[in-house]
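Shown next, in structure tokens, is the structure this report addresses.
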Amino acid sequence: MIAADKRTIWLAAGVRTPFVGVDGPFAARDSLSLSVPVVQAMAARVAGSIDFAIWGAVIVNLAYANLAREVWLESKLDPHVPTFTTIMQCSTSMVGVFEAAGIIERTKAALALVGGVESMSRVQIGLGQNLSDWLRRMFQARRAAQRIGLLRKLRPSDIRLFVPEVKNRVTGRSMGEHTEDMAKTWNIDRFEQDALALQSHQTAIAAQDRGFFVDLIVPLDGISRDHFPRRDTSMEKLAKLKPVFDRTSGKGTITAGSSSPLTDGAAAIWVATEGGLARLPGGVPRVRLVDFEKAAVDVFNEGLLMAPVSAIPRLLARNNLTFNDIALWEIHEAFSAQVLCHIKGLEDRDFVRDKAGVEHTFGSFPRDRMNPNGGSVALGHPFAATGARILSQAVKELAAKPKGARAIVSICADGGLGTVALLEN
């Protein structure tokens, strides 16, 4: 039987590493050694047990199939706690939260640790499939004649390495190239993108200065704050940057300054019942997870990162809410252009009706309530860690608002995927 307190699912803010640039201060750490300090710091705060854990990484390592289990055991925690790995590209640790919520609702579990990691400095290069097959057969060969025969079969074209890239496999194009298409479709100009990027840096710096991130970050290797927010940036400096994803048409608008940077980092969050919350320190911010939604789009024809524009209206309509009923909007900034495409899509009545399947009764999007403490353009984007980072950030911000305040947290992901959560104080 499910206990009464399982009917309400809570999110409690977790901790993360500082987010730093690829090949920077965490260059010697792989996804395992980046994760362990975060998981240990989370576990140290618990008075009692953690019932299960979910962890993920987008860039996989051949050394471990179940990263979550390896992280857990490496952290020297109770080996009897079930742990499993999940992947949904940039939505990895957010979809992990949804999975945890479902498990908690249907079992006796009361407290789950969820998170993700990305070590872009330690990307493992693999052998091409034909070369892998050839090597395996070579090792299996028992006679010299067999080995000589295999050597004769090896073709120069088989000798290839597989180098993971930030590209969609089926389209063969990068996230930035796809977002350039979206920007052209939605008429998002360069000035708008730079202005949003500048705002992201300015709000992130202001949040750093007032100590907003102090209890959300675990210092690591002598670093205690995110490295990306730029105090010296300006519209003038951003305007001088050249487009990086469309350099030939003369119409490219996305620059390094309006894109989330390649990032190393790990982040975690708690999913709990009332009973689970009792195991955490009283001062940890917590809010209710009211509802959530997932969506997917055709990556060839609908804009690779546009799925949240279908998910958000469905979520709002199901809960009889308008844009103005939401006090806080946390929208993942893969690119400034992608965020601006989302806003235009959400304000387009025909688009919402055709793509989300609901009538547009939401009003104008309140940009002044969006990402008040900075977004991924300024803070960084270690793919699988972003969900836990943005959710913990939203939980802390929302918990300080008046009772009944709501938040929408939205993440787009490669593969034409998106996840959205509705939170309430």
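Laboratory data are not the source of any read-out in this text; all were calculated from the coordinates shown. The model shown is predicted, which means the values in this text are computed figures rather than measured ones. Don't worry about glycine lacking a Cβ; one is built from the backbone with ideal geometry, like all the others, and counts go over all protein chains shown.
Quick notes on this structure:
- DSSP-defined antiparallel bridges as percent of all bridges, segment 21-179, nearest 5: 25 percent
- Inter-label distance, nm, simple model (7 Å from Cα along the C-beta direction), residue 108/residue 403: 3.3 nm
- Modelled this way, with points 7 Å down the Cα-to-C-beta line, the labels at residue 239 and residue 46 are 5.3 nm from one another.
- Percentage relative contact order, the chain, counting C-alpha pairs under 8 Å, at least six apart: 28 percent
- GNM on the chain, alpha-carbon springs under 10 angstrom: the most fluctuating residue among 390, 312, 223 is 223.
- Prolate/oblate/rounded call for segment 283-425, Cα gyration tensor, a/c under 1.5 rounded: oblate
- Charge tally for residue 163 (other residues, Cβ to Cβ under 14 Å; Lys, Arg +1; Asp, Glu -1): +3.
- Highest-MSF residue in the chain out of 96, 283, 275 [GNM, Cα springs under 10 Å]: 283
- Adding -39500 (n - 2.57) for every DSSP H run of four residues or longer, then dividing by how many residues the chain holds, sets the calculated 222 nm ellipticity at -10000 deg cm²/dmol.
- For segment 1-78, the relative contact order works out to 31 percent when only alpha carbon pairs closer than 8 Å and six or more residues apart are counted.
- 18 Å Cα-Cα reach of residue 355 towards lysines, excluding residues that sit fewer than 8 places from it in its own chain: 294, 344
- DSSP-assigned coil residues among GluC sites (Glu not before Pro) in segment 339-425, each with at most 11 further Cβ atoms within 10 Å: 359
- A full extension of the chain between residue 290 and residue 324 corresponds to an added length of 10.5 nm, given 0.36 nm per residue minus the alpha carbon distance.
- Between 324, 121, 156, the Cα set farthest toward the positive side of the dipole of the chain (charges on each charged residue's Cβ, about the Cα centre) is that of 156.
- Note on segment 268-409: dipole from Cβ charges, positive end direction compared against 272, 371, 292; the farthest Cα belongs to 272.
- Residues residue 65 and residue 143, FRET efficiency given R0 of 35 Å [Cβ-Cβ distance, rounded to 0.05]: 0.60
- Cα pair count fraction exceeding 43 Å, expressed as % - the chain: 14 percent
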